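*Asks:* Mind having a look at this structure? Questions to follow.
Laboratory data are not the source of any read-out in this text; all were calculated from the coordinates shown. Predicted model only: the values in this text are computed from it and were never measured. Glycine gets a Cβ as well: all are built from the backbone with ideal geometry, and neighbour counts include every protein chain shown.
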Amino acid sequence: MSDFEDKVRETLANPKNQGEMQDADSVGTVGSPDCGDMLRMWLKFKEENGKKVIDRASFQSFGCQTAIAVASMATEMLKGKTEEEARHLSAQELSGDLGALPPMKIHCGQLVEGALKSALDQSPAEEPAKAEDSNTLS
Ligand code: FES
Ligand code: FES
């Protein structure tokens, strides 16, 4: 078994940030034409030193083990990143410690990247929502 597969297996034993986020500021969903899988990512922002940064991220994936492992890595890595920094992360960078995505699995990483970009596109334009906003989803 390859190093990559070992790491995917390890990550799947304890995936991070899996599940719907009730108080998210934005959500993005993408499907992969290559395999029919779907991935959804939720983002919550906060203000830190006058900058809007990602406070938390979570995801749901339907089916694909590699996408789950990449999304677990990515949602950890995104904490504290600005929108701009997050937007520039490639599928490979989002895979973090999993290592180089094998050619057959690149689209799994791109699914995570796509869900992230879709969620970023829907994030509130200016400051993060104030605590008392009436439009919180819960
Ligand atoms: Fe998702 Fe490939 S169809 S694992
Ligand atoms: Fe299609 Fe992984 S096999 S997203």
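*Asks:* With Cβ to Cβ distances under 13 Å as the rule, what net charge do the other residues near Val30 carry (K, R +1; D, E -1)?
*Replies:* My count for the surroundings of Val30 gives -2.
*Asks:* Follow-up question, since we're still on this one. So, counting K/R as plus one and D/E as minus one, what does the shell of residues with Cβ under 12 Å around Pro15 add up to? Show your work: numbers first, answer last.
*Replies:* Working: positive: Arg9, Lys16; negative: Glu10, Glu76.
Combined, the nearby Lys, Arg, Asp and Glu give 0.
*Asks:* Going down the list Lys46/Lys117; Lys51/Lys105; Lys16/Lys81; Lys79/Lys117, which pairs span over 24 Å between their C-alpha atoms?
*Replies:* Numbers: Lys46/Lys117 18 Å; Lys51/Lys105 34 Å; Lys16/Lys81 17 Å; Lys79/Lys117 15 Å.
In this structure, Lys51/Lys105 exceed 24 Å between Cα atoms.
*Asks:* Using just the helices of the chain, give the 222 nm mean residue ellipticity in deg cm²/dmol: DSSP H runs with n ≥ 4 each add -39,500 (n - 2.57), and the total is spread over all residues, rounded to 500. Present the calculation step by step, with values, prior to reporting the outcome.
*Replies:* On the way: 5 runs with 49 residues, N = 138.
Mean residue ellipticity at 222 nm (helix-derived): -10500 deg cm²/dmol.
*Asks:* Compute the signed sum of charges (Lys and Arg +1, Asp and Glu -1) over the other residues within less than 10 Å, Cβ to Cβ, of Thr82.
*Replies:* That works out to 0.
*Asks:* Determine the relative contact order of the chain: mean sequence separation of Cα pairs under 8 Å and six or more apart, normalised by residue count, in whole percent.
*Replies:* Details: 254 pairs, mean separation 41.8, N = 138.
Dividing the mean separation by the residue count of the chain yields 30 percent.
*Asks:* Over 10 Å intervals from 0, what percent of Cα-Cα pairs in the range 51-97 sits in each interval?
*Replies:* Over the range 51-97, the share of Cα pairs per 10 Å bin runs 28, 54, 17, 1 percent.
*Asks:* Separate question: Does anyone have the angle between helix 106-121 and the longest principal axis of the chain? Alpha-carbon axes, 0 to 90°, nearest 10?
*Replies:* Helix 106-121 sits roughly 0 degrees off the main axis of the chain.
*Asks:* Shifting gears a bit: Return, ordered by residue number, the residues of the range 18-35 whose backbone nitrogen is under 17 Å from a label point located 7 Å along Cα→Cβ of Glu76.
*Replies:* Counting backbone N atoms under 17 Å from the label point, the list is 18-19.
*Asks:* Normalise the Debye intensity by I(0) for the range 3-121, one equal point scatterer per Cα, no solvent, then take log10 at q = 0.12, 0.18 Å⁻¹ and round to two decimals.
*Replies:* Computed log10 I(q)/I(0) values: -0.37, -0.83.
*Asks:* I want to check the label-to-label distance for Glu85 and Ala13. Put each point 7 Å from Cα in the C-beta direction and report it in nm to one decimal.
*Replies:* Taking the simple label geometry, Glu85 and Ala13 are separated by 3.0 nm.
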